[in-house]
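Each remark here refers to the structure printed beneath this line.
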Amino acid sequence: SRRRHTRYGTVTGVQTCALPISIGLVSTGISVLIGVTIGSLMGYFGGWFDMVCQRAMEIWSNIPFLYAVIFLASLLEPTLALLILILVAFSWIGLAQQLRASAYQVSARDYVTASRSLGAGHARIIWRHILPNCATVILTTLPFTLHGLVFSLSALDYLGFGLPPTEPSWGDLLHQAKENWTAWWILGPTLACLVATMVMINSVGEALQDAFDLRRAQR
């Protein structure tokens, strides 16, 4: 549309790259905070609390992401806050499930039992023992969570359910390139930036996995 072409004539490439990454970083931070909190509590307490949370997560994870976005976009005006809320709502479950398994193993260790016998509270045990020993899971999951959020944001914006029309994005540039295949100066740099960002994020994630791989360090 004329509005979008005019808008992108006034913004720089740095703005187009920075906004999706900034939204991805904010969404990743909130998702990690929610996933770490719920996952550590599930693994530490177990029992009925763990069972209820697992059933709720299974129900929530079966809700189609795209249908939920389309439904909310038809009811509410798209804003940055709403988009971040949607991305966060569907991105914390994977980290919570992984952290639950790790926290469940750590909570069965002798030093956790000793802390309970010495009268340490639940919050202190989780903060001083559970989370530090689950740091590997958290750090190795961060880059891949960011990768998925940035890619999801670009895909939503390509379909017209992402950022508001006043904000620059890779997905909207790809949509413009699809409507005009001869405009290589739109498609080429956009694909190059998107692919380069995904490769760099994946490289960071793989480096973190290698750095915190205990079996490799022992060998």
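The values are calculated or read from the model by the stated rules, or taken from the named source; none is laboratory data. Predicted, not measured: the structure shown is a model, and the values here were computed from it. Here the Cβ is made from the backbone with ideal geometry for all residues, glycine too, and neighbour counts use every protein chain on show. Ligands, DNA and RNA are excluded from the accessible area calculation, which covers all protein heavy atoms including side chains. Shrake-Rupley method; radii C 1.70, N 1.55, O 1.52, S 1.80 Å.
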- Item | Criterion (more than 25 Å from THR140 (Cα to Cα), modelled with pLDDT of 80 or more and of a type in the set (Val, Ile, Thr)) met by exactly one of THR190, THR197 | THR190
- State yes or no: is THR113 assigned to a helix (DSSP H, G or I) and over 28 Å from LEU85 (Cα atoms)? yes
- Item | Qualifying positions in the range 117-130 - assigned to a helix (DSSP H, G or I) and open to solvent by less than 40 Å² (accessible area, probe 1.4 Å) | ILE125, ILE126, ILE130
- Among what's in the range 1-45 and is assigned to a loop (DSSP other than H, G, I, E, B) and open to solvent by 70 Å² or more (accessible area, probe 1.4 Å), pick the residue that is modelled with the lowest pLDDT. SER1
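Here are some residues: LEU75, LEU82, LEU66. Which one is at pLDDT below 90, hydrophobic (A, V, I, L, M, F, W, C) and surrounded by 14 or more Cβ atoms within 10 Å (Cβ to Cβ)?
LEU82
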- First in the range 107-118 and touching a residue at least 60 places away in the same chain (Cβ under 8 Å) and under 19 Å from MET42 (Cβ atoms), second anywhere and open to solvent by 70 Å² or more (accessible area, probe 1.4 Å) and not β-branched (Val, Ile, Thr), Cβ under 9 Å, 6 or more apart: SER107/PHE45
- Determine which single condition LEU139 fails, assuming it passes every other condition in (1) in contact with a His (Cβ under 7 Å, 6 or more places away or on another chain); (2) open to solvent by 30 Å² or more (accessible area, probe 1.4 Å); (3) not acidic (Asp, Glu). (1)
